[in-house]
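To start, the structure under review is shown below, and the notes come after it.
The values are calculated or read from the model by the stated rules, or taken from the named source; none is laboratory data. Since this is a predicted model, take the numbers as computed values, not measurements. Positions of Cβ are backbone-derived with ideal geometry, glycine not excepted, and every protein chain shown enters the neighbour counts. Quick note on the areas: whole protein, heavy atoms, side chains included, nothing else; ligands and nucleic acids left out. Shrake-Rupley method; radii C 1.70, N 1.55, O 1.52, S 1.80 Å.
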Amino acid sequence: MKNLSFRVPLLVLLLALGACNGGDQSTSTEISHSVYRHSMDGAPNNLDPARSSNIYANFLVVNLYDTLYRYKYLARPYQLEPNLAENLPEISADGLTYTIRIKPDVYFIDDLAFPESKGRLVSAQDFVYSIKRHFDPQTRAQGAWLWQNRIVGLDDWKANGSDYKQEITGLRALDGRTIQIQLISPYPQLVHTLTQGFSAIVPREAVEYYGRELAIHPVGSGPYRLLSFNTAGAVMVRNSDFRQEPFSLENEGYDPASQSRYGLEHLEGLTPPFMDRIEVEFIGEDAARWNAFIAGELDFVKAPVSQFDQVLESRNPLVLKPELAENFHFQATLESGFVHTDFNMDDPRIGYHPNPETNARNKALRCAISKAFDWEKRNEIFYYGIGQVFPGIIPPVAPEFNPDQDRTSIIRDLKAARELLKSHGWTADKLPDLEIGFTSSVTERQMFEQFRSFMADIGYPRGKIHPLTFASYGDYAQAYLNREVMLMTIGWTMDYPDAENTIQLFYGPNATPGSNTANYNNEEFNRLFRDSSTMLASPARTEMYRKMNQIVIEDCVTISGISRKMILLWNRDIAMLPDRSFLGGHFFRFAGPGKANFKNRQEE
Amino acid sequence: MKTPQALTLSRVFPANAFESDKGRGRVWSKLRRDKAGLLGLVIVTVFLLLSLGVLFGWLGQGWSIADGGRWEPMSVNHWLGTNLLGQDIFQRAVFSTRTAFEIGLAVSLLSTLLGALLGALAGWYNTKLGGNWVDGSILWLMGVLDSIPFYLFVAAVAYALQGWPWAMHVAMIVTFWTTTGRLVRAEVMRIKSRGFVLSSRAIGLPVPVILIRHVLPNTLHILLVQASMAFVAAIKTEVILSFLGLGVQDSVSWGMMLAESTQEVLAGHFNNFLTASFMLFILLLGFNLLADALQDAFDPRQASL
C-alpha cells in the first residue's frame, strides 16, 4: 500500500508535466508559424525610398512604405492593382493627365518624427513631396530617371533650386486625397513606375527629423514596420494599424489549375499582413544560404545553380527530388530580364567605321562571332540547361515577346560563320584582338574561357582573345560607360513588364553614359522607338517592338540572349507564392501560415 | 696576376665559410646527409622539370580546351576528370606548375635582390661613417610596410593595379623584401667591421664596390634561404590572390582551380579541389624541406655537427 500511495501521486505528477509540455509545444508552434524567415542573396543599399536602388532594398521598402500601385499577387502575366490608390488612374483622352485618388484613413506609423510621436494621415501632398525629393540634389536620389523629362515643370523645378514651397504644374495635390500628374508627352509606363520602391510615400517630418538616417529608420504606412536592420539582416513586424483589406483570391488573379498546390485557399477573406514578423537574412554566399535553409533556419531560398543536381529529380519536366518535395514547395520561374553580350559599336575595330567597306567587314565579323556562339552549351554549363534562350532583346517575360520568332540568330552555325569570315577577307592574322570585359569572379572567368573556346572553333586564334578584368562591378560599369570595353556581358532586370524597358537599351540617344551600352545608333530603329514610346499597349505597338527587335538581330549588335530560370523553394508550413520579379517584396504581406498550422492556431 | 693587396686581403682576412672551397664542400656534404632535404630537392626538381616541360610546349598545352563533358570522372582521356567547362584537370594542374614557378622565381629573385640591396645600404650606413638618414629612411619604409597586415596589403596593391599582368608580382615584391632587408642589414652591420671590409675601405675602394664585391657575397647564406622562403610564400600568396580573383589574368593556376572548386565541391565534385590541393601541398612540402636543409647547412652554429 505504501508503495502504491507513492506511485499514484508520481503518475499524476508525470501526467501533469506531460500536459505542461504539450501546452508549451502548442505555444511554440504558434510563435514559429507567425514568423516568416526569408533569405536574400544580397543586402539592401539604403531603405530611403529615394535611394533604394537595388532589388534587395526595394524588397523591404515596399513593405515599410506604401506605393500607389502594385501588381496582383497571383496573376501572370502581371496585372496592375491599386495599392494606396483607390483605383487605377483616370487618364485624359490625350494620355497626358493622370488623376489618382488615394485611400482614406491611411496613417503613417507612430514615430518620434511626428508631434507626440503619433503617425498622421497620409495625404496626396506626401506623394508630391516624395516625387519632388528625387529632383532635389540634396537627396542624392537614384530614381529620378523614371520621371525625368516626363512631368510638366518637374525638371524646371530642379533647375530653379528645388524649392519645396514652389508648386509644380504637372505634379499637384488637388486636395488631401487627389493627385494630378500632367505629362509632357504620353508616357504609357507611368503607372508601372508608381509600383516601384522609388515612388514610395515618405512623410516630410521623417525626412527632416532623421536626415540621412532615414536610410536605416524608415517611417512609412506599409504593412510592416522595421524592428531591426543591419548588414546581416532585417526584422520587420506587422503594422497593426495597416488598412483592413480582406484577401481575395479572385481579385489577386488566382489560377486554381496551377496554384492550388500552394495551399492559399484558407487565407481567403483574412486581412493581410498575415505574419506577425518577417525576418530577412542577407546571405551572399550560396553555400551558406543553402545550408541554412536545409538546416531549417530559413523558410525560403533561391537554390544556387550549383545545387540544381541535388534539388531536381528531372529537368524536363522540372521535378523536385521526392525528399525535398515532402517538406518544401517549389517554383521554377524565369527572371524578369536577360543576359546579353554587346559589341561596342563605338569601337572601329568591331563596330561602326567611317569606311563603308570596313563597316561591312566589321558587321560580318560580329555576325560570325554571334553564329559561333553556342547558346545551348552556355545554357547547359552555366544555367543547368533550364534557362530560356531567345532571339533578340525582348525577353520571354515581356508581354510583347514573340514565341514564334525565327530562332536562326541563336542557333550555332559554324559553317556560316566561317563563310562570313572568308567572304569578307577575315583570316586568322587579320582578325582583330578581342577584349572581353568582365569582373573577376570565377563564373565570369569561366564564361570568358568558354567564349574563347567557342571562337576557336571558327579559327579565331586563342591569343587574340583577351580578358579585360575589373576588380568590382563598379569599375567594370565605369569602363563600359566610358566606351573602353570592346565586348561586354550585361544582365538587365526589367523595371516593369513592358518591352520598352529592354528596347530602350539600344536607342541611339541613350548611348553611354546612358543605358545603351552597345552605343548602337540605327535611324530606323530610333524612329520606331520614338513613335512607339508614346503609344499605349496595342497590337500595333507590339508589332513595332518586334520590328525593332529584328533590326537589332540583323545588325548583329549583341549576342542575345538568355533569361535565367530560378528555382525557388519554401517551407510547406508557409502558404505563399514568392516572387523575385515585378511583384517583388509586395508578396510578403500575403505570406501566411500553412493550412495545418493555421488550423492549429484557430483551434488554440 | 694577382695584386699584392688582393693576395694579402684574401689570405689575412678570409671571408665567411661559404666563400671558401672548404666551406662550400662542407655545406654540400651536410646537405647530402640530410635525407629530408634531399627529398625536398627531388620534389622541387620534379616540379621544375614539369614547369620546363610546360614552358617548352611539351606538357599541359591543352589546359584551356573544353572538349570534355561537365565534371567528367577520371578516364583514359581525362586522367583526373574534367571541370565545369569540360577542361582537363590534369592538364590544368600541370600547366599551373609553370605559373607557380614563374611567379615564385620572379618574386623570390626580385624581392631578395631588393631586400639585399636596401638591407645592405641600411646596414652600411648605420654607423657614423656615412649618414644615418639612409638607414633611417629604409628602416622607416620597412616599418611602414610591415605594419600593414600582409594579405590585406598584397590584396590592396593587386586590386589597385588590377588589369595589369604584373600587378600580383609587384604586390608581392613590394611586401616580401622587408624581411630579407632586415636580415641583410643586421648581417652587414656585423661584417662591416671585419678586417677584409676595413681593408677594402683602407685601400680606397668605393662603397658600391665594397658592398657588391665584398659585403653582399658574405650574406649569400641568408639570401639563399630567404629566396627559398619567398618562393614558397609567393606560391601561397598567388593561390590566395587567384582565389580572390586578383591573381593571374590570362592563364591558370592552382589558386584558380581552387576558386573554381568552391562551387564544384558544393555539387559533390572534388577532382579540381583535390588535384590543386595535392600539387600545392607537395611543392610547398618540397620547398619547405629544402629551405630547412639549406638553413641547417649554412648555419655556422651547426658546423661541427
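If one takes the longest principal axis of the Cα atoms in chain B, at what angle in degrees, from 0 to 90 and to the nearest 10, does the Cα axis of helix B:150-160 lie?
The angle comes out at about 70 degrees.
Could you count how many Lys pairs in chain B have their Cα atoms under 22 Å apart, skipping same-chain pairs fewer than 8 positions apart? All intermediate terms of the calculation are to be shown ahead of the outcome.
Details: B:Lys2/B:Lys22; B:Lys22/B:Lys30; B:Lys22/B:Lys35; B:Lys128/B:Lys192.
Taking the Cα cut-off of 22 Å, the pair count is 4.
Projecting each Cα onto the charge dipole of the protein assembly as shown (Lys/Arg +1, Asp/Glu -1 at the beta carbon, about the Cα centre), which of A:Gln138, A:Gly437, B:Phe90 comes out farthest on the positive side?
Looking along the dipole axis, the top candidate is B:Phe90.
Quick check: with the 1.4 Å probe, what order do A:Leu88, B:Leu114, A:Leu312 take by accessible area, largest first? Could the numbers behind the result be given before it?
Values: A:Leu88 90, B:Leu114 65, A:Leu312 10 Å².
Heavy-atom accessible area, descending, gives A:Leu88, B:Leu114, A:Leu312.
What residues in segment A:421-459 lose 20 Å² or more of accessible surface when the other protein chains are added to their chain alone (1.4 Å probe)?
A:Ser440, A:Val442, A:Thr443, A:Arg445, A:Gln446, A:Glu449, A:Arg452, A:Ser453
Within 12 Å, Cβ to Cβ, of B:Ala267, how many net charges do the neighbouring residues add up to if Lys/Arg are +1 and Asp/Glu are -1? Show your work: numbers first, answer last.
Numbers: positive: B:Arg70; negative: A:Asp286, A:Asp309, B:Glu260, B:Glu264.
Combined, the nearby Lys, Arg, Asp and Glu give -3.
For segment A:463-489, which residues drop by 40 square angstrom or more in accessible area between the chain on its own and all protein chains together (1.4 Å probe)?
A:Thr469, A:Ala471
Please work out the average accessible area per residue across segment A:138-217, using the 1.4 Å probe convention, and give it in Å².
Working: 3650 Å² over 80 residues.
That works out to 46 Å² for each residue.
Below 14 angstrom from the Cβ of A:Tyr476, what's the summed charge of the other residues (Lys, Arg +1; Asp, Glu -1)?
Numbers: positive: A:Arg445, A:Arg483; negative: A:Asp342, A:Glu435, A:Glu444, A:Asp475, A:Glu484.
Summing Lys and Arg as +1 and Asp and Glu as -1 gives -3.
Averaged per residue, what accessible area in Å² does segment A:337-563 show with a 1.4 Å probe, protein chains only? Could the numbers behind the result be given before it?
Details: 8650 Å² over 227 residues.
On a per-residue basis, segment A:337-563 sits at 38 Å².
How far is helix A:55-64 tilted off the main Cα axis of chain A, in degrees rounded to 10, range 0 to 90?
With both axes taken from Cα atoms, the answer is about 40 degrees.
Counting only C-alpha contacts under 8 Å and six or more residues apart, can you give the relative contact order of chain B as a whole percent? Intermediate values should be presented prior to the final figure.
Details: 423 pairs, mean separation 77.0, N = 305.
RCO, chain B: 25 percent.
For segment A:437-448, take each phi angle, set θ = phi - 60°, evaluate the Karplus expression 6.51 cos²θ - 1.76 cosθ + 1.60, and give the result in whole Hz per residue in order, putting x for glycine and proline.
x, 6, 7, 7, 10, 4, 4, 5, 5, 5, 5, 4
Quick one: with all protein chains in place, what share of the accessible area of the protein assembly as shown is carbon or sulfur, to the nearest percent (1.4 Å probe)?
Of all accessible area on the protein assembly as shown, carbon and sulfur atoms account for 58 percent.
With only Lys, Arg, Asp and Glu charged, each at its Cβ (+1 for the first two, -1 for the last two), find how big the charge dipole of chain B is about the Cα centre; round to the nearest 20 debye. Display every interim value, and only then the final one.
Working: 22 positive and 17 negative charges, 354 e Å.
Magnitude of the dipole: close to 1700 debye.
Apply the Karplus curve 6.51 cos²θ - 1.76 cosθ + 1.60, θ = phi - 60°, to the phi angles in segment A:579-588 and return the couplings in whole Hz, x for Gly and Pro.
8, 10, 10, 5, 5, x, x, 4, 6, 3
Give the angle, between 0 and 90 degrees and rounded to the nearest 10, that separates the Cα long axis of helix B:220-243 from the longest principal axis of the Cα atoms of chain B.
Taking Cα atoms only, the helix is inclined about 30 degrees.
Along each of its three principal axes, how wide is the spread of alpha-carbon positions in chain B, in whole angstrom units, largest first?
Each principal axis gives a Cα extent; for chain B these are 74, 43, 34 Å.
Using +1 on the beta carbon of Lys and Arg, -1 on that of Asp and Glu, and nothing else charged, what's the dipole of segment A:337-563 about the Cα centre, debye to 20?
Values: 23 positive and 29 negative charges, 119 e Å.
With only Lys, Arg, Asp and Glu charged at Cβ, the dipole is about 580 debye.
Quick one: Karplus J couplings for segment A:176-189, per residue in order, coefficients 6.51, -1.76, 1.60, θ = phi - 60°, nearest Hz, x for Gly and Pro?
In residue order, the calculated couplings are x, 10, 10, 10, 10, 10, 10, 9, 6, 9, x, 9, x, 8 Hz.
So, counting K/R as plus one and D/E as minus one, what does the shell of residues with Cβ under 13 Å around B:Leu85 add up to? Don't skip to the end; give the middle numbers.
Numbers: positive: A:Lys377, A:Arg378, A:Arg445, A:Arg452, B:Arg70, B:Arg92; negative: A:Asp374, A:Glu380, A:Glu444, A:Glu449, B:Asp67, B:Glu72, B:Asp88, B:Glu260, B:Glu264.
Taking every Cβ under 13 Å from that of B:Leu85, the sum is -3.
Only helical DSSP H runs with n ≥ 4 go in: add -39500 (n - 2.57) per run for the protein assembly as shown, normalise by residue count and round the 222 nm mean residue ellipticity to 500 deg cm²/dmol. Kindly include the intermediate steps, with their values, before the conclusion.
Values: 30 runs with 391 residues, N = 909.
After summing the helix terms and dividing by residue count, I get -13500 deg cm²/dmol.
Taking 20 Å as the cut-off for C-alpha to C-alpha distance, list the pairs among A:Lys132/A:Lys165; A:Lys430/A:Lys464; A:Lys415/A:Lys547 that go past it.
Values: A:Lys132/A:Lys165 11 Å; A:Lys430/A:Lys464 10 Å; A:Lys415/A:Lys547 27 Å.
Flagged as over cut-off: A:Lys415/A:Lys547.
Three principal axis extents, largest first, for the C-alpha atoms of segment B:166-305, in Å?
71, 39, 18
Give the interface area between chains A and B as buried accessible surface, both sides summed, probe 1.4 Å, in Å² to the nearest 100. All intermediate terms of the calculation are to be shown ahead of the outcome.
Values: alone 26470 and 15880 Å², together 40140 Å².
In total, chains A and B hide about 2200 Å² from solvent.
Toward the positive end of the charge dipole of segment A:337-563, about the Cα centre and with charges on Cβ (Lys, Arg +1; Asp, Glu -1), which of A:Ile410, A:Thr427, A:Pro399 goes farthest?
So the residue furthest toward the plus end is A:Thr427.
Between A:Arg120 and residues 5 or more places away or on another chain, which pairs have amide H atoms under 5 Å apart, with H built 1.01 Å from N, and which residues are they?
A:Phe108
What are the residues of segment B:59-104 that lose 30 Å² or more of accessible area, with a 1.4 Å probe, going from their chain alone to all protein chains?
So the qualifying set is B:Trp63, B:Ser64, B:Ala66, B:Arg70, B:Leu84, B:Leu85.
Counting other C-beta atoms within 10 Å, and keeping those with at most 14, which DSSP coil trypsin sites (Lys or Arg not before Pro) do you find in segment A:163-195?
A:Lys165
Hand me the chymotrypsin sites (Phe, Trp or Tyr not before Pro) from segment B:49-144 located in a DSSP loop with no more than 11 other Cβ atoms within 10 Å, in residue order please.
Answer in residue order: B:Phe56, B:Trp58.
How large is the accessible surface per residue of chain B, computed with a 1.4 Å probe and reported in Å² as a whole number?
Details: 14780 Å² over 305 residues.
That works out to 48 Å² per residue.
From the Cα trace of the protein assembly as shown, what convex hull volume per residue do you get, rounded to a whole Å³? Don't jump to the answer; show the numbers that get you there.
Details: hull volume 270.8 nm³, N = 909.
Looking at the protein assembly as shown, the number lands at 298 Å³ per residue.
If amide H atoms are built 1.01 Å from N in the plane of the peptide, which residues on other chains or at least 5 residues away come under 5 Å of the amide H of A:Leu312?
A:Lys321
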